[in-house]
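Only the coordinates and a few stated rules stand behind these numbers; no lab work does. Owing to the predicted nature of the structure, the values given are computational and were not obtained by experimental measurement. Here the Cβ positions follow ideal geometry from the backbone for every residue, glycine too, while neighbour counts run over all protein chains shown.
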Amino acid sequence: MEVHHHTHPAHGKKTWKEYFWEFLMLFLAVFCGFLAENWREHIVEHKRGMQYIKSFVEDLKIDTARFSRIINFYKKKESELNNLYPCYDSIIHNQNATATLENIIDATNGFADLIYTDRTLEQLKNAGGLRLLEEEDADSIIRSADFFRLVFRTASTSMQVKATEVRNTRNAVFVFSEIMDTTFGTTVMPEKLEMVTKDKELLNRFFNEVLMYRSISIRMDLLITQLRERAVRLIKFYTEKYHLSEITPSKK
């Protein structure tokens, strides 16, 4: 019986070049996938960052209008308290000449609540959104919030404390029922103010406190004006930098 031997073609081993090209192709595939994922994440984060910027600009727009109203409130107080000395001179020499006090009483009534729109800032802090912004943008938002807190502390300490002192001393000098009707939160000035006391020392204290109250009102006017100017600058900055639709802050 004849035996036939079948020969099989020998499979040659891969060369190092073939291994290199296979490795290179695999590496490039993984690397390109990595780049694509990073780019996709960058696009998503950029869009989220722009949403925060637009929201912050809208907050600033609201605040400029609110700050303008508060500025007008303090300017009215300053105007009504411009004639403190002539009024003081009249009252000291004739305590029945209370008509000169009407503007003072009116100016020391009421208080402007200083608030600002912090929805975007809270979202940025709570969601860690500041990392999505450019460093320059994040810094400007943080500085804006820090300056507001400074002004707010002034309003909630110096202004409120002095307003309380003036109100307490005023109520010790004048008949309270004739100064204010608070049944429905309205202020009603009587035809003639009646004084409870003739104590000149107490009157002098009242006018000194009103003088300080006016000084702090001027300070608040200045600080809130700076707040508004800062907000206007930021609106302009972001609008130009990111080509946002024009937002014109209210001046009234």
For Phe174, what residues show an amide H to amide H distance below 5 Å, using hydrogens built from the backbone and excluding near sequence neighbours? Val196
Out of the GluC sites (Glu not before Pro) in the stretch 99-175, which ones are loop residues according to DSSP with at most 13 other C-beta atoms within 10 Å? Glu134
Using alpha-carbon positions, the gyration tensor of the stretch 122-177 gives root eigenvalues a ≥ b ≥ c; with a/c under 1.5 called rounded, otherwise prolate if a/b exceeds b/c, else oblate, the class is prolate
Work out, step by step, the length gained on full extension between Lys13 and Leu244: first 0.36 nm times the residue separation, then minus their alpha carbon distance; give nm to one decimal. 76.8 nm
